[in-house]
Amino acid sequence: MPLTVEVVSPERVLYSGEADMLVCRTSEGEIAFLPGHVSFLGALGIGVVRSLLPDHGEQAIAVHGGFVEVSGDRVIVLSDVAEIAGSIDVERARAALSRAEDALRSDPDDAAAEAALARAKVRLEVAGAL
C-alpha cells in the first residue's frame, strides 16, 4: 500500500497523490519515508521534496522551510514557500544565484546570501536547469 502524500503551501495544494516513498531534507538531514513509517514530525530546511511515484516517476517540489508530518501511511508537507517546476522562473532563479554568489565573494559569512544561494540552487534543480 503506497503513502498518501500532500504538499501544501498557503496559496494551494502543490501535490496530492500516492507515492512509494517521500524524501525530504529536515533540519537534522535528509530523511525518507516508506509505507508503515513510525509517526514523525520534523522541521524542513531548504531543499527538494521528492515523491517517488508508483509508476516509477517522480514529483519534485522546491521547499523553503516548513514542516513534515507522518501519521500512518499519510505524509503532509506544510511550507510557507513551495514551488513545482512549472511555476519556477528560471531566469529569475539564475539572477538570484548570481547575486548570492557575488554577495558571498564580498562577505563569505553573509547568512542571508547563503540562504539565497541555497534557495536559488533548489529552484534550479527542481526546474531541471542546474
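The values are calculated or read from the model by the stated rules, or taken from the named source; none is laboratory data. These numbers come from a predicted model, not from an experiment. Cβ atoms come from the backbone with ideal geometry, glycine included; neighbour counts cover every protein chain shown. The accessibility values were calculated without ligands, DNA or RNA, using every heavy atom of the protein model including side chains. Shrake-Rupley method; radii C 1.70, N 1.55, O 1.52, S 1.80 Å.
Some observations on this one:
- Any hit, the stretch 104-119, residues being among the hydrophobic types (A, V, I, L, M, F, W, C), in contact (Cβ under 8 Å) with a residue 40 or more places away in the chain and in a helix (DSSP H, G or I): yes
- Some residue of the stretch 75-86 being out of contact with any Gly (no Cβ under 7 Å at 6 or more places or on another chain), farther than 24 Å from Lys121 by Cα and part of a loop (DSSP other than H, G, I, E, B): no
- 3 or more residues of a type outside the set (A, V, I, L, M) and either touching a strand residue (DSSP E or B) at 6+ places or on another chain (Cβ under 8 Å) or crowded, with 17+ Cβ neighbours inside 10 Å (or both): qualifying strands (runs of 3 or more DSSP E) within the stretch 3-73: 13-19, 21-26, 40-52, 58-71
- Qualifying residue in the stretch 87-103 (condition: assigned to a strand (DSSP E or B) and under 23 Å from Gly128 (Cα atoms)): no
- Test for Glu83: is it among the acidic types (Asp, Glu), at pLDDT 90 or above, in contact with a strand residue (DSSP E or B) (Cβ under 6 Å, 6 or more places away or on another chain) and within 18 Å of Ala116 (Cα to Cα): yes
- Scanning the stretch 90-102 for residues that are loosely packed, with under 14 Cβ neighbours inside 10 Å and not charged (D, E, K, R) yields a total of 2.
- Hits in the stretch 74-89 (condition: open to solvent by less than 40 Å² (accessible area, probe 1.4 Å) and farther than 18 Å from Val23 by Cβ): Ile88
- Hits in the stretch 103-130 - residues which are more than 14 Å from the chain's Cα centre (by Cα) and surrounded by 17 or more Cβ atoms within 10 Å (Cβ to Cβ): Ala113, Ala116, Leu117
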